[in-house]
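What follows is calculated from the coordinates using simple rules that are stated; it is not laboratory data. Worth saying up front: this structure is predicted, and the values here are computed from it rather than measured. Here the Cβ positions follow ideal geometry from the backbone for every residue, glycine too, while neighbour counts run over all protein chains shown.
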Amino acid sequence: MLQRGILNPQILGLVGRVRHTNTLVIADRGFPFWPRLETVDISLVDDVPTVLQVLEALEGNFSIGAAFMAEEFTAENGPARQAEFRDLLAPVEIRFEPHVEFKKRVPHAVGLIRTADTTQYGNIILESA
């Protein structure tokens, strides 16, 4: 029986299938459903869990080579929230792009983890190193 680290078997299975340069989406509660994309929904109530909490949990199990977010995130969220994402992902820099372009990357991901995060445009795509 698992006793530490990620305990959710669906997330473990999903992360275990991500290989070099594959991507994984970690999304907020309002992110649209993608019928052909494996989705692990771990939302419970508003902000439980958050995208940042999932990123923290993945730290020891996922080598991040690149991170993508919608540029609208910077317009909708203050410096403190932006710093939380930036600091957690360091030394990897977040690449910001228009939300429309960001969503074009989604169907190419191995899967999606849907959280209950209420952060505006707080979705992130992680590319494995």
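Loop only by DSSP, 12 or fewer other Cβ within 10 Å of the Cβ. Give me the GluC sites (Glu not before Pro) in the range 72-129 that pass, ordered by residue number.
Details: sites: Glu72, Glu76, Glu84, Glu93, Glu101, Glu127; in loops: Glu93.
Here the GluC sites (Glu not before Pro) that fit, given the DSSP loop and packing criteria, are Glu93.
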Nearest 5 is fine: what % of DSSP beta bridges in the range 9-128 come out antiparallel, could you say? 45
At most 12 other Cβ atoms within 10 Å plus a DSSP loop assignment makes a site exposed; report the longest stretch of the chain without any exposed trypsin sites (Lys or Arg not before Pro). 37-129
Let me have the relative contact order for the range 9-128, percent, based on Cα pairs under 8 Å that are six or more residues apart. 53
Listed residues Ala109, Ala66, Ala83; largest mean-square fluctuation, Gaussian network over the chain with Cα springs below 10 Å, found at Ala83
